Amino acid sequence: MRTQTLLADALIRESLPRNILLAVAGSIALWISAKVQVPFYPVPMTMQTFVVLLIGAAFGWRLAAATVALYLAQGLAGLPVFSGAPERGIGLAYMMGPTGGYLVGFLLAAATVGFLAERGWDRRVLSTLAAMILGTAIIFACGVLWLGAAIGWDKPVLALGVTPFLPGELFKIALAAAVLPLAWRLVGRLAGQRPG
């Protein structure tokens, strides 16, 4: 049971058309975030995990899960929505490849962060930080388990699937922990300026 208003609800009253529009817009944001690479050390980063976690926090667990599921369905249908697609494959072949676990993690992380946001975890820096760390840990846990099964546990799975990405993930977690509470402050100010 939801105990707090979500960011999406504070901006636009909940309705079926709104939810459809947000799910489509969120899936497009995921598509774009998978394609744009930001120069970073030691590897370039996409903003995809950041967008996954923001969708969770802004939409709540049900709509966030539906949004990520729509994105995954677009990829399954053969649209080149994933990072590295179509060069590294499309559709089910891509999803069953070594990075498929991260895609599963996106769905679970968005739902988890959304669940926490429904309980107010997106309102303050420290609780947002905790939610983002948990969401990121879920993504990487699913990714590493899948990657290890795909390439074999005799390979340096953590060195391949986690370590190079940690600096970028820490940056994205910190960014989310700053952006979400700030967004709530702005929403509060806008609500105070509306005529009653």
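The values are calculated or read from the model by the stated rules, or taken from the named source; none is laboratory data. Everything quoted here is computed from the prediction, not taken from an experiment. Virtual Cβ from ideal backbone geometry, glycine too; neighbours counted across all protein chains shown.
Take residue 72 and decide whether it is in a helix (DSSP H, G or I), closer than 24 Å to residue 123 by Cβ, at pLDDT 95 or above and of a type outside the set (Gly, Ala, Ser). Spell out the reasoning first.
Details: in a helix (DSSP H, G or I): yes; closer than 24 Å to residue 123 by Cβ: no; at pLDDT 95 or above: yes; of a type outside the set (Gly, Ala, Ser): yes.
So residue 72 fails the test.
Tell me, which residue of region 32-52 that is surrounded by 13 or more Cβ atoms within 10 Å (Cβ to Cβ) and hydroxyl-bearing (Ser, Thr, Tyr) is farthest from residue 183 (Cα to Cα)?
Only one residue tops the list, namely 46.
Got a sec? Which of 24, 81, 36 is at pLDDT below 95 and more than 20 Å from residue 122 (Cα to Cα)?
36 is the lone residue from the list that is at pLDDT below 95 and more than 20 Å from residue 122 (Cα to Cα).
Which number in (1) buried (at least 16 other Cβ atoms within 10 Å of the Cβ); (2) closer than 22 Å to residue 144 by Cα marks the one condition that residue 55 misses?
The one condition residue 55 does not meet is (2).
This table checks each residue for (1) buried (at least 22 other Cβ atoms within 10 Å of the Cβ); (2) without any contact (Cβ under 8 Å) to a residue 60 or more places away in the chain; (3) acidic (Asp, Glu); (4) touching a helix residue (DSSP H, G or I) at 6+ places or on another chain (Cβ under 9 Å).
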{"site": "81", "(1), (2), (3), (4)": "yes, yes, no, yes"}
{"site": "96", "(1), (2), (3), (4)": "no, yes, no, yes"}
{"site": "104", "(1), (2), (3), (4)": "no, yes, no, yes"}
{"site": "113", "(1), (2), (3), (4)": "yes, no, no, yes"}
{"site": "124", "(1), (2), (3), (4)": "no, yes, no, yes"}
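Can you find, within region 11-31, the residue that is surrounded by the most Cβ atoms within 10 Å (Cβ to Cβ) among those that are of a type in the set (Gly, Ala, Ser) and closer than 17 Å to residue 69 by Cβ? Spell out how you get there, then give the answer.
At the first step, the residues of region 11-31 found to be of a type in the set (Gly, Ala, Ser) are 15, 23, 25-27, 29.
Now narrow it down to the ones that are closer than 17 Å to residue 69 by Cβ: 23, 25-27, 29.
Numbers: 23: 21, 25: 12, 26: 26, 27: 23, 29: 18.
So, considering only residues that are of a type in the set (Gly, Ala, Ser) and closer than 17 Å to residue 69 by Cβ, the one surrounded by the most Cβ atoms within 10 Å (Cβ to Cβ) is 26.
Over 22 Å from residue 137 (Cβ atoms) and assigned to a loop (DSSP other than H, G, I, E, B): which single residue out of 81, 43 fits that description?
Details: 43 fails: over 22 Å from residue 137 (Cβ atoms).
The conditions single out 81.
Looking at (1) part of a loop (DSSP other than H, G, I, E, B); (2) of a type in the set (Gly, Ala, Ser); (3) buried (at least 22 other Cβ atoms within 10 Å of the Cβ), which one does residue 64 not meet, given that it meets all the others?
Here residue 64 clears every test but (1).
If we scan region 164-172, do we find a residue that is in contact with a helix residue (DSSP H, G or I) (Cβ under 8 Å, 6 or more places away or on another chain) and of a type in the set (Asp, Glu)?
The answer is yes; a qualifying residue exists.
Kindly indicate the residue of region 70-79 that is under 20 Å from the mean Cα position of the chain (by Cα) and not polar (S, T, N, Q) and also surrounded by the fewest Cβ atoms within 10 Å (Cβ to Cβ) among those meeting that condition.
Filtering region 70-79 for residues under 20 Å from the mean Cα position of the chain (by Cα) gives 70-76, 79.
Restricting the remaining residues to those that are not polar (S, T, N, Q) gives 70-73, 75-76, 79.
Working: 70: 17, 71: 30, 72: 19, 73: 12, 75: 23, 76: 16, 79: 16.
Per the stated criteria, the residue is 73.
For region 24-40, what are the residues that are among the hydrophobic types (A, V, I, L, M, F, W, C) and either touching a helix residue (DSSP H, G or I) at 6+ places or on another chain (Cβ under 6 Å) or outside any helix (DSSP H, G or I) (or both)? Let's see the steps before the verdict.
In the first step, residues of region 24-40 are kept if they are among the hydrophobic types (A, V, I, L, M, F, W, C); the result is 24-25, 28-32, 34, 36, 38, 40.
Passing the criteria: 29, 30, 34, 36, 38, 40.
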